[in-house]
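A short reminder: the numbers here are calculations on the coordinates, not readings from a lab. In this text, all values refer to a predicted model and were calculated from it rather than measured experimentally. FYI the Cβ positions are ideal-geometry reconstructions off the backbone, even for glycines, and counts take in every protein chain you see.
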Amino acid sequence: MRAFAVAFFLAAPLALFAQHGRYFRDSHHPSIGNPEAIATGTKLFMGSCAGCHGPDGGGGARGPNLVRRSLWHPLSDEAIFQVIRKGVPGTDMPPTKLGDEQTWNLVAFIHALTGPASANPVPGDAAAGKAVYWGAKAGCSSCHAIHGEGGRLGPDLSNIGGSRPLAVIRESVVEPAKDLAYLGNEAATVVLKNGTTLEGAAKNRSNYSLQLVDKQGKLHLLQMRDVKQLTLSESSPMPADYAKRLTKEELRDLLAYLADQDIRKGSK
């Protein structure tokens, strides 16, 4: 199946206002959120869609990333249903012969795949993941804050589960440099004309000014006229070895804890 992303783009008039990282109104169809429907939809996706879109919806040789696409142009479940059933003429996204129940099962899987992590079942022990997050082995809290506690070098994660799909959260942990997921937080080294050297994460950079958060979490407001040299890394300051540093169980539990961070729920 050619990327749903292509079809979604052409179906733009059906889009609804985004809210909480997904869309304004979810479907009330009984398949949405139903574990059995999601499991059945998973098998359908793996058999018919994963070849183009990747097994986690992250894109493949022929199909774009469904998960990231949902962040900037989310659609209703009914719109996704129509794309699956009718396809998009003139593209590689063909119509399907699936019945209503099968189609809704597939929609249920895509909904779970692309919706906020906090709204979907996530494997792992969030309580154990909290210990991983705040512990020395992972060291997440040295750079990231949750509800005002923790570091300031990296993005605040108080609402990460309420605003991002699980696949995006996982990618940000194990592949932090991929597509610069947190663009605007590139590692930077700044040499000022007075001889001072600063290292940290560059934020809100323009031709005239630069905000840099150093490794101690201090914010520096700089004028570019005072900068002698600015070196930006092609990667994030975040370590890229979490897939090796943590066990599979620790990583799973950490993701469960992050998925639970939703300001609407007051998670911590």
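The table below gives the values:
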| read-out | value |
| --- | --- |
| Sequence ranges 141-152, 188-199, ranked by mean other-Cβ count within 10 angstrom, highest first | 141-152, 188-199 |
| Table column - 3J(HN,Hα) (Hz), the stretch 28-45, Karplus curve with 6.51, -1.76, 1.60, x for Gly and Pro | 9, 4, x, 6, 5, x, 7, x, 5, 5, 5, 5, 5, x, 4, 5, 5, 5 |
| Kirkwood hydrodynamic radius over Cα pairs of the stretch 113-235, then Stokes diffusion coefficient at 10 °C and 1.306 mPa s, in µm²/s | 100 |
| All-pairs Cα distance distribution in the stretch 84-180, expressed in whole percent, bin size 5 Å | 3, 11, 14, 20, 15, 11, 8, 6, 6, 5, 1 |
| Ordering of 239-247, 156-164 by packing [mean C-beta count within 10 Å, highest first] | 156-164, 239-247 |
